[in-house]
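Taking it in order: structure first as structure tokens, then the write-up.
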Amino acid sequence: MVVLPNPKGAMMHTYKRDQDKLYLLLNRYWRKNIAKLREKKREVLEKWEKEKQDLIEERRQDLTLIKDLASREAYHFRRRHGRTHCPGDEDITGYAHKIGKYKASVLDSMDENLHFDEMFNLRGALDRIAFHAVLERKIVHGGDTKEKLDLISKTEEFKEILAEEVYTRGLLLDDVQACIGKLYDRIARNAQGNTAKIEINREHFKAEEVAALVAFFRLQEEWGNSIKWEEI
């Protein structure tokens, strides 16, 4: 009995072999190109990160320069118009205007940095208030933001505003004061992103925490160059 070759089977075998080759070629091509794409993506991300860090450093240097200028101006003002000389009203007005402009520039630069670092939120706002208090000499230059807020909370200005908030909201002063020391850590754990205006959301905080936050934001409004905020 003679067995004839099966042309259909041979064709199927050849087709499968060619299909396997094509699959290997495509897989090799895909791996080669996906590696290039990943490398390109990594290079672009590194470039963006470097540009971001360079810009942050540039703005920090600008902020330091402005602070130094303001400090020197205040130093010279104290030397010129200290105990031995009583300046005229025009001199005082002129120097006060210059120092006010320096302070505004410093705070504007800080706002830009907060936006750029995606920290223009409650945490960033409290950092700004703490820095603003030092700039206005409301407190001595303390340690971190938490320590500065604690110093602010002990000033008579803050106590007066806080008492108003406690009375208006029907709270107990001791309960509100007890939460102030933990307030910054609580906000720092959850703060993220930027907003056009700082919002104190009553659904996210206890009534005592809201009262303390509102007191801080009301206080900074009295210093000028304040940050915009609202209670919702």
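Just one of E118, E136, E112 is open to solvent by less than 60 Å² (accessible area, probe 1.4 Å) and modelled with pLDDT under 90; which is it?
So the residue among E118, E136, E112 that is open to solvent by less than 60 Å² (accessible area, probe 1.4 Å) and modelled with pLDDT under 90 is E136.
Of all helices (runs of 4 or more DSSP H) completely enclosed by the range 118-232, which ones contain at least 3 residues that are over 20 Å from the mean Cα position of the chain (by Cα) and more than 24 Å from A104 (Cβ to Cβ)?
Once the helices (runs of 4 or more DSSP H) in the range 118-232 are filtered for at least 3 residues that are over 20 Å from the mean Cα position of the chain (by Cα) and more than 24 Å from A104 (Cβ to Cβ), what remains is 156-169, 173-190, 207-221.
Determine, yes or no, whether L183 is touching an Asp or Glu at 6+ places or on another chain (Cβ under 7 Å), farther than 22 Å from F116 by Cα, open to solvent by 20 Å² or more (accessible area, probe 1.4 Å) and among the hydrophobic types (A, V, I, L, M, F, W, C).
no
Looking for something at pLDDT 90 or above, open to solvent by 80 Å² or more (accessible area, probe 1.4 Å) and polar (S, T, N, Q) - is there at least one such residue anywhere in the range 144-158?
no
The values are calculated or read from the model by the stated rules, or taken from the named source; none is laboratory data. Here the structure is a predicted model, which means the values were calculated and not measured. So basically every Cβ, Gly included, is an ideal-geometry build from the backbone, and we count neighbours across all protein chains shown. We work out accessible area using only protein heavy atoms, side chains counted, and drop any ligands, DNA or RNA first. Shrake-Rupley method; radii C 1.70, N 1.55, O 1.52, S 1.80 Å.
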